[in-house]
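Down below is the structure, laid out as structure tokens.
Quick note: the coordinates plus some simple rules give every number you see, no bench work behind them. Just so it is clear, the model here is predicted, and its values are computed rather than measured. Glycine gets a Cβ as well: all are built from the backbone with ideal geometry, and neighbour counts include every protein chain shown.
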Amino acid sequence: MNKDVVLTEIRDGYRVITLNRPDSLNAFDASVHAALGAALSDAEADKACRALILTGSGRGFCAGQDLSAVAFVPGQKPDLTITLDQNYNPLIRRLRKLPLPIVCAVNGVAAGGGANIAFACDIVLAARSAKFIQAFAKIALVPDCGGTWFLPRLAGSARARALSMLAEPVSAEQAEAWGMIWKVIDDANLMAEAHRLASHLAKQPTGALALTKRALDASENNTLDQQLDLERDLQGVLGRAPDFSEGVNAFLQKRAPRFVGGM
Ligand code: T3D
């Protein structure tokens, strides 16, 4: 496995995972899928890691699939379902289910699957110069990596349709105004803000944040009744976890809580 295509930096309480193929704007090939999968597994296995930053090297965040790595064999029609089944869909599911808050620092253009990988993260910051492009229509594909699920929910149906069909770039400022991302940050301050957020999150009750992710995702399909039941069940778990008593005691004692994470 070529580990250089994805870099991991271990910080106090969190990790920074950087896509590192800047010459292709951090496009994904098989080596990136393997290295990113390993980096996420390492982070999940590390009890000291309670938050993640995902970002890219160079001037882009991620240009989606490496189009030079798509195998066109003369006389054969490529089967794109294979890489989606084996690589992209497991990655998107994993980001959503990972029991850690993920801050995505979109440092430059995020195109195709790269845009939708960003939208799968929990808190998306974007450099003011960044842009998001559903580039798929330009190569005669549908938005994948969850694009057809994320876009209508984040941007609304009208914008989802136009963005998907026109493949026009959305500036970071427009993405923030439309509610597609959390915040636009001046380019020079992007990583400082991502570190500030990740460091803050790493000190929060990260077990509760993991279950918050789960509840918010489940709400996309649940009725209110089902969601009320789910919230009850999750509170049942969290009420027995040490961070709840710590949070309440800290409040009553008028001091800062010392959360340890976990459930
Ligand atoms: O298996 C499957 O295919 C199914 C899964 C699909 C998931 C997907 O993500 S499909 C969508 C794939 N991505 C795209 O279609 C985006 C293609 N890239 C672009 O449209 C543009 O590069 C950008 C809008 C992202 C940025 O434009 P710009 O003008 O800032 O940069 P550039 O000059 O186009 O790109 C810079 C370099 O990166 C360039 O290489 P060079 O000429 O300097 O050697 C370019 O070829 C390379 N690059 C950019 N995107 C990709 C790429 N190389 C390979 N694959 C890419 N996706």
Label-point separation in nm, Asp217 to Val70, each point 7 Å along Cα→Cβ: 2.8 nm
Check the straight Cα-Cα distances from Lys213 and name the aspartates and glutamates below 14 Å, setting aside those fewer than 8 residues away within the same chain. Asp122, Glu231
Specify the residue with the greatest mean-square fluctuation among Leu209, Leu25, Leu141, computed from a Gaussian network of the chain linking alpha-carbon atoms under 10 Å apart. Leu141
Over the chain, the sum of -39500 (n - 2.57) across DSSP H runs of at least four, divided by residue number and rounded to 500 deg cm²/dmol, gives at 222 nm -13000 deg cm²/dmol
Alpha carbon centroid spacing (whole Å) that separates segment 123-188 from segment 16-60: 21 Å
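Take the residue pairs Lys97/Lys183; Lys3/Lys47; Lys131/Lys254; Lys97/Lys254 and return only those whose Cα atoms are more than 32 Å apart.
Numbers: Lys97/Lys183 23 Å; Lys3/Lys47 22 Å; Lys131/Lys254 43 Å; Lys97/Lys254 34 Å.
Beyond 32 Å between Cα atoms: Lys131/Lys254; Lys97/Lys254.
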By per-residue mean of other Cβ atoms within 10 Å, what is the highest-first order of 46-57, 218-229? 46-57, 218-229
How would Asp4, Asp66 line up from fewest to most surrounding beta-carbon atoms within 10 angstrom? Asp4, Asp66
Cα gyration tensor shape of segment 206-252, rounded if a/c is under 1.5, else prolate or oblate by comparing a/b with b/c: prolate
Which three extents, in whole angstrom, do the alpha-carbon atoms of the chain cover along their principal axes, largest first? 69, 42, 35
